Structures are given as structure tokens and as C-alpha cells.
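Step one of this worksheet: look at the structure below.
Derivation of every value follows stated rules applied to the coordinates shown; laboratory data play no part. Just so it is clear, the model here is predicted, and its values are computed rather than measured. Note: ideal-geometry Cβ built from the backbone for every residue, glycine included; neighbour counts use all protein chains shown.
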Amino acid sequence: MSMLIMSAGRPINKHQLLDVISAFLHGRKPNTTSYSVCIECKRRGNVCVMVAHGIPCMGPVTHAGCNALCPTYNRGCYGPKETPNTASLSNWFKRLGVNEVDLVRYFRSYYGNSEHFYKESKVHMKKRD
């Protein structure tokens, strides 16, 4: 079984909590990033764990906002982006040697009920049967 930097549903920080409360009080949507954790990794100067070490990482399809805690400190990440390219990430994982059973597990862990992750897991359920 291959190692995976995985999303663990990390809690929001105090600045994000204040923004959510402010947004609620002012009748607006909270400020969220539209880019992935990969952007934060680059800003921190982290080496891409998929490219450099061949370790599958959910960073390309998860929300930024954690300051790249996942690969930096091997901690959890936020949930799926609005438009994650899960098929592309699955292809990367396959090139890293991840099998269909593990692909299903990766996409059904933590955020498995999100529309994009659930659909991608179903693709790999059919292939493993």
C-alpha cells in the first residue's frame, strides 16, 4: 500500500472563524480561496511530494487556506475545491503505482460524500470489480 498525504478535515483557524461570523452577521458569503493547496506549497517553498518523492497527495484537489500544513507538517487539509480535477489526480496516482482499491479508499475517505470525490470513487469501484 502506498503512502498518502491525506485530507483529515483540519479545523479552521481563528481568522477564518472571525470571517465566517462576520459574513453571517453581514449576510455575505465567507471569503474562501479558489485555488488548491499546491499554490500554498509553492509559496512556502515546499518541494512537491508527488513529483519529488512519488508520494500521492490530495493537495491538487483540496482547498488552500491551511498554509500547506499537509505536506509541511504531515497534517490534514481542507475539503475539496469547487472544481477538482479528480480524473487527472487519479491518473497521477496510477503512475505512482496506486491500485484501484486504494484509489477508491482515497476518494471515499474524509470527504467521500462530496460530489466530485464520490463520482471519482465510483469510476474506480467499477474498474476493480
Seminar exercise, completed: A correct Karplus calculation of ³J(HN,Hα) over the stretch 89-103, with 6.51 cos²θ - 1.76 cosθ + 1.60, θ = phi - 60°, whole Hz and x for Gly and Pro, returns 5, 4, 4, 4, 4, 4, 5, 7, x, 6, 8, 4, 4, 5, 4
Exercise. So which lysines can Lys81 reach, going by Cα to Cα under 24 Å and dropping same-chain residues fewer than 8 places off?
Worked result: Lys14, Lys29, Lys42, Lys94, Lys119, Lys122
Problem set entry | Order of Cys57, Cys48, Cys66, Cys38 - criterion: other Cβ atoms within 10 Å of each residue's Cβ, fewest first | Cys48, Cys38, Cys66, Cys57
Exercise. Which semi-axis lengths, in whole Å and largest first, follow from the square roots of five times the eigenvalues of the Cα gyration tensor of the stretch 43-125?
Worked result: 20, 16, 10
For this session: Please order Tyr118, Tyr106, Tyr35 by the number of other Cβ within 10 Å, starting at the fewest.
Result: Tyr35, Tyr118, Tyr106
Problem set entry | Unit charges at the beta carbon, dipole of the stretch 30-129: most positive-side option, Asn31, Val49, Tyr118 | Val49
